[in-house]
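Scroll down for the structure; my scribbles are underneath it.
The values are calculated or read from the model by the stated rules, or taken from the named source; none is laboratory data. This one's a predicted model, so the numbers in the text were calculated from it and none came from an experiment. Cβ atoms come from the backbone with ideal geometry, glycine included; neighbour counts cover every protein chain shown. Accessible surface areas use protein heavy atoms only, side chains included; no ligands, DNA or RNA. Shrake-Rupley method; radii C 1.70, N 1.55, O 1.52, S 1.80 Å.
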Amino acid sequence: MSTQQKQWGAIIVMIALFAMIAFVTNLCTPMATIIKNQGEISNVLAQIGNYGNFVAYLVMGIPAGMLISKFGYKKTALIGLVIGMIGILIQWMSGLIDNGDGSNIGLVFAVYLIGAFIAGLTMCILNCVVNPMLNLLGGGGNKGNQLIQIGGVFNSTAAVACYILMGALIADATKAKIADATPALMIALAIFAIAFVVILFTKIEEPEQAPVELSLIKGAMSYRHFALGALAIFLYMGIEVGTPNFVQQYLTNEKGMDGSTVGLIVAVYWFLMLVGRFAGAAIGSKVSSRTMVTTVSIASLCLVLFGMFAPTDVLVAFPGVDWGKLSIVWQDIPVGIFAFLLVGLCTSVMWGAIFNLAVEGLGKYTAIASGIFMTMVFGCAVMVFAQALVADAVGYINSYWVVVFCAAYILFYALVGSKPAKQ
C-alpha cells in the first residue's frame, strides 16, 4: 500500500471518528427534554447529561494529550472507544433501574450522570486524536483547516441523525422515560464497537511525538494567541450547544410542541451546520481561518440579537425533514426562533477555524496544546449551566444574552487575539 493510500485511510478513519463524537455528544440535549418532564425539575438540573459529558473534558484534556504522546493516536483512540462503550452501558442501566413512579429518580439521575461523564471522557480522547491528526494530515495552514471542515461535515450529519432519532423516540416528552432512549444508546454502542474493529485493523502512520510533560503547559500558554484561543473554544461551546438546546426547551416546555416535531425542527440547526461545513470545506484552502471566524461571529451576533428582540407573536413556517417518510413537515414558529436556528450556519466553521488559529506556530508545544484545547471544551458545561440559570430566572429568550457574550468574545479573538505572539 502506498504512502498516499495509507494517508487517505487514516483521513477516512479520523473523519468517521468525528461523526461518532457528534452522535454521542448530541444525545444529551434531547435527553434533557426527557429529564425536564419527569417532574418539577429546573432547567439547571435537566442539563445533567451535558454537565457530565463536558466536565469530563476538564478532567481528561491533559491526560489525553499524554496518552497520545505515550501510545500514539491509534492506541489512544482504541482506549477511548473501550471507555466509551462502558459509559454508554451505564447510561443504559440508568433506564433499567427506573421504577417508573419517580421514587428513585435521584438514583436514576446519579447513574445517568456517571455514564454521561464516562462517555464524555471518550469524546475528549477522540477529539484529541481527530483534530490534530486531520490538521497534520492536511499539512497545517489552510489545507489543515479544510480537512477539519470536511470532518465537520460528517460531524454535523451525525448530529442531525441523532436529533431526528431522539425526536421519534420522545414524541410525547411528558411521558418519555430514559429507557425510551435505549435504541439510540444501542446504536451508539454498536458504532463504538464497529469503530474499534475498523481502527484495530487500519494502519495509521503515526507522527513523531515529543514527550508530553506538564512543564510544557507554561510554554504553550506563553503564546498569547493560543491562550486566548483556548478561551475562545471555552465560550464557543456555549454558542454551539446552548443555541439549539434552549430552542428545544423553549418549543417543548413553553410552546407545548410535541417532541417529535421539535426534534425535526432542531435537527435543522445541525443540518445548517452541515451546509456551512460543506461551504467551509469547499473554500477552506482559499479563505483564511481569521476571515471565516470574523464573518461568522458578526453574523451570530446579528442573528441572536434579532432573535431576542423579535416579537414572539410573529410566526413563520419552518421546515423539518421527516427522513422516515422523506417528506417536509412545516411548523409555525416565532420568527426569533427561526433566527436562532440560522446560527447553525455560523457555528459550522468556528471550531475548526479557531483550532487552526490557536495552534499555529506552536511547534513542540502542539501536543500539549491539543490537550489544553480539549480541556477547555468543558466550557460547554459552564456556559449551559449559566444559560440555564438565566432561563430559570428570566426566561428562555433572555437567556440568550449568554450566547451574545460568547459571540462577542469570539469576534474579539478573530480581530485581535488570534494574531500570533508570545506573551
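Structure notes:
- Only a single item in (1) open to solvent by less than 50 Å² (accessible area, probe 1.4 Å); (2) within 18 Å of Y409 (Cβ to Cβ); (3) more than 21 Å from the chain's Cα centre (by Cα) is not met by M257, and it is number (2).
- Among the residues making up segment 377-408, a single one is over 20 Å from the mean Cα position of the chain (by Cα) and of a type in the set (S, T, Y): Y396.
- The set of residues in segment 68-86 that are among the hydrophobic types (A, V, I, L, M, F, W, C) and open to solvent by 40 Å² or more (accessible area, probe 1.4 Å) comprises F71, I79, V82, I83, M85, I86.
- Within segment 395-423, residues that are closer than 18 Å to G361 by Cα and at pLDDT below 95 reach partners that are assigned to a loop (DSSP other than H, G, I, E, B) and among the polar types (S, T, N, Q) with beta carbons closer than 6 Å, at six or more positions or on different chains, in the pairs K422/S222; Q423/S222.
- Filter result (within 10 Å of F54 (Cα to Cα) and of a type in the set (G, A, S)) within segment 360-384: G379, A381
- No other residue among P311, P334, P319 is modelled with pLDDT under 85 and not aliphatic (A, V, I, L, M) apart from P319.
- When segment 87-111 is filtered for residues that are of a type in the set (A, V, I, L, M), open to solvent by less than 40 Å² (accessible area, probe 1.4 Å) and without any contact (Cβ under 8 Å) to a residue 60 or more places away in the chain, the ones remaining, listed by number, are I90, V111.
- Scanning segment 278-300 for residues that are closer than 19 Å to Y400 by Cα and either open to solvent by 30 Å² or more (accessible area, probe 1.4 Å) or not in a helix (DSSP H, G or I) (or both) yields I298, A299.
- Some residue of segment 35-52 being among the hydroxyl-bearing types (S, T, Y), assigned to a loop (DSSP other than H, G, I, E, B) and either under 18 Å from I178 (Cβ atoms) or modelled with pLDDT of 70 or more (or both): yes
- Flag if V275 is open to solvent by 10 Å² or more (accessible area, probe 1.4 Å), of a type in the set (V, I, T), out of contact with any Asp or Glu (no Cβ under 6 Å at 6 or more places or on another chain) and within 24 Å of C406 (Cα to Cα): yes
- Selection from segment 301-321 of residues that are assigned to a strand (DSSP E or B) and either on the phi > 0 side of the Ramachandran plot or surrounded by 18 or more Cβ atoms within 10 Å (Cβ to Cβ) (or both): F318, G320
- For segment 168-269, the helices (runs of 4 or more DSSP H) that sit wholly inside it and include 3 or more residues that are modelled with pLDDT of 85 or more are 182-200, 224-249.
- L341 being open to solvent by less than 30 Å² (accessible area, probe 1.4 Å), within 17 Å of Y413 (Cβ to Cβ) and either part of a helix (DSSP H, G or I) or at pLDDT 85 or above (or both): no
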